Amino acid sequence: MEPDIDDIKKKLEGGRDFLDNLMMKIPGFRGYVEQTELYDADSIVRSFMAERFVRFKKSVDAAMSEALKRSEQKVLPDLDSLNLLLERVMKKCRYADYGSSSFSGVRITAEDQERLLAFDWSLTLMLDEIETLMERLSSFEELVDALAAVKKKIADFESSFDKRKSVILEVI
């Protein structure tokens, strides 16, 4: 999944209604409409990431059910800790601050917002790697080996996501 910010922006521009198009012609409103669209785009990307983590949690739940069926209770604590990690990262994605709403009274340009959006979008590439590792959880024979790799990759994602705050602060 190649990050394509222009494609997201075009889809948002295409979704403008008559009133938005009219406001784009009024001096002073163009920036407001574009800023709102960039905020919406970032929100869409973060929601997309959060939903991927919800799907990952479902995979872990299925692995837990399989472990219970096989009476392999020794892997349950590891699966449970993975589930908690997924929940924490999912919430970070869903409820993360957005640059323009994080710091009142600070002017953040559209270019700065685009840089933040590009950073968020680049994180979605890591989700593909996580998904590949998560598929290994469905094979009970690979489960124990896969758990460590999955946890590490998710921790790497979380660490990268936490750097998002630095991107916001660099903007200021």
Pairs, please: C-beta under 7 Å, at least 6 apart or cross-chain, first residue under 18 Å from V150 (Cβ atoms) and in the range 38-54, second hydroxyl-bearing (S, T, Y) and surrounded by fewer than 20 Cβ atoms within 10 Å (Cβ to Cβ)? M49/T124
Of everything in the range 134-165, what is surrounded by fewer than 19 Cβ atoms within 10 Å (Cβ to Cβ), basic (K, R) and assigned to a helix (DSSP H, G or I)? Give them in sequence order. R136, K151, K152, K153, K165
Going through the range 49-102 one residue at a time, which ones are loosely packed, with under 15 Cβ neighbours inside 10 Å, part of a helix (DSSP H, G or I), over 15 Å from the mean Cα position of the chain (by Cα) and not aliphatic (A, V, I, L, M)? K58, D61, S65, K69, Q73, K74, P77, D80, S81, S101
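Taken together, the values in this text are just the output of simple stated rules run on the coordinates, not laboratory data. The structure displayed is predicted, hence computed values, not measured ones. We place every Cβ from the backbone using ideal geometry, glycine too, and count neighbours over all the protein chains shown.
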